[in-house]
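To start, the structure itself, in structure tokens.
The values are calculated or read from the model by the stated rules, or taken from the named source; none is laboratory data. Quick caveat: nothing in here was measured; it's all calculated off a predicted structure. Neighbour counts run over all protein chains shown; Cβ positions are idealised from the backbone, glycine included. All accessible areas refer to the heavy atoms of the entire protein, side chains included, with ligands and DNA or RNA removed. Shrake-Rupley method; radii C 1.70, N 1.55, O 1.52, S 1.80 Å.
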Amino acid sequence: MSRIDDLIQELCPDGVERRPLGEFATLVRGNGMPKTDLVEEGVGAVHYGQIYTRYGVSATETFSFVSPEKAAKLAKVEPGDIIITNTSENIDDVGKALAWVGDAVIVTGGHATVIKHDQDSKFIAYWFASADFYAQKRKLATGTKVIDVSAKQLATVRIPVPPVEVQRAIVRVLDKFTQLEAELEAELEARRAQLAYYRGATLEDAGLTGQMVLLGDIAEFKYGFTDKAADTGTHRFLRITDINPQGKLSADGAKFVSPGDSASEYVVRPGDLLMARTGATYGKTMLVSSDAPAVFASFLIRIRFEDGQMLPAFYWHYAQSNAYWDQAHALVSTAGQPQFNANALKRVRVPMPSLENQASIVRTLDKFDALVNDISIGLPAELAARRKQYEYYRDRLLTFKELAS
């Protein structure tokens, strides 16, 4: 960082000016372009929802396109422009910026704003991910279920504007961190694909060497508790959104209820399995491993096995496999909102080797799963440490002594 410190001392020794975004940039609010407009080829297009899920800080190519006729009616994004999201369901994603550094003119739609400016695009995009911007957008954001920071509000955000040479030097450092993180993410995804293959092969062998049974013959099912989630309470309220993509309990966004004695039948215990029965994530299954007080919500189904029937951890691994998902997709009701209810769930066929073999399979798959999904060890821990390091240096590099007015 000493090279950047020297550059700052040389080019802006008295500090860096902070300017409202609207003073040096033109903000163009997007409009239209629902997902149904996106096609396989045509004019490059960035849908605001993709900025949360598919893009990093910058991009040279788009994942989606629109027809030339549609593009003519949409906000144009020229090389060097920035696209920033105006709405989200949470404060973290609103105001996420994407620097367009491709060669072509592309388009964007509603819930996004195009920022046209004369600074280094990636520097500005990195700054929009900083703690400095986060503190400002919290004061500007409106709404509860849908969080909004309008183009008019974005224009008031005060941004440090060092000389472009300093901006580019900072971008070079942050790009290296971003590249290292991307490489770790790619390796982690490859390992997860390897786990999926190995898990599938192991469980397929278990089905070939043991009997297959219907889940309804060995398990009991119960629908969850209906109540309104709150920020505090006596029990954690386990909901569909609390099951992460790896089938584990999410540490984020915990909600609670105080159900009283009348809801004792909904209290979970270690070894219970909870499955999402409706919505886009139907079939997603979590194994309860904690004895902390918790009840499960109405859009979940609790699965319990009688002692000696099946190890819950063995079924949990099976519920992550393609063999399970092939059945789930075939059994789900698709009339309206997808419904994978108990009547469908009980028809799932499950391999049932001996308890001794189940335990052996669980031990092996648990070790493999921990290496790719446990944030305290292996690649997930290394990736988490890399992200913290990146965030630390990003915020340090994007913090400047302010030029006295």
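Assorted remarks:
- Using a probe of 1.4 angstrom and keeping all protein chains present, the accessible surface of region 69-180 works out to 43 square angstrom per residue.
- Largest first, the residues 152, 346 sort by 1.4 Å accessible area into 152, 346.
- Whichever aspartates and glutamates have a C-alpha closer than 17 Å to that of residue 255, once near sequence neighbours (fewer than 8 apart) are set aside: 89, 227, 231, 242, 291
- Taking chymotrypsin sites (Phe, Trp or Tyr not before Pro) across region 39-140, the ones in a DSSP loop with at most 15 further Cβ atoms lying within 10 angstrom of their Cβ are 63.
- For region 174-332, the calculated P(r), taken from all Cα-Cα distances in 10 Å bins from zero up to the bin holding the longest distance, is 10, 34, 31, 18, 7, 1 percent.
- Debye, to nearest 20: dipole size of region 298-366, +1 on Lys, Arg Cβ, -1 on Asp, Glu Cβ: 220
- With a Förster radius of 51 Å applied to the beta-carbon distance between residue 211 and residue 168, the computed FRET efficiency rounds to 0.20.
- Kirkwood hydrodynamic radius of the chain, Cα pairs, Å: 24.4
- Between 0 and 90 degrees, the angle of helix 2-11 with respect to the longest Cα principal axis of the chain falls at about 30 degrees.
- Here the Karplus curve 6.51 cos²θ - 1.76 cosθ + 1.60, taken at θ = phi - 60°, turns the phi angles of region 12-28 into couplings of 9, x, 8, x, 10, 6, 9, 10, x, 3, x, 6, 10, 9, 9, 10, 10 Hz, with x standing for Gly and Pro.
- Measuring r between the beta carbons of residue 335 and residue 89 and using R0 = 30 Å, the FRET efficiency lands at 0.65.
- Förster radius 51 Å - calculated FRET efficiency between residue 392 and residue 355, Cβ distance, rounded to 0.05: 0.60
- The separation of region 214-268 from region 346-391, counted between C-alpha centres, amounts to 22 Å.
- Lys pairs, region 22-141 - Cα-Cα below 18 angstrom, 8 or more residues apart or on other chains: 8
- Helix 355-373 axis versus longest C-alpha principal axis of the chain: approximately 0°, rounded to the nearest ten.
- Residues of the chain were split at every exposed loop site, defined as GluC sites (Glu not before Pro) in a DSSP loop with at most 13 other C-beta atoms within 10 angstrom, and the longest piece left, sites excluded, is 90-305.
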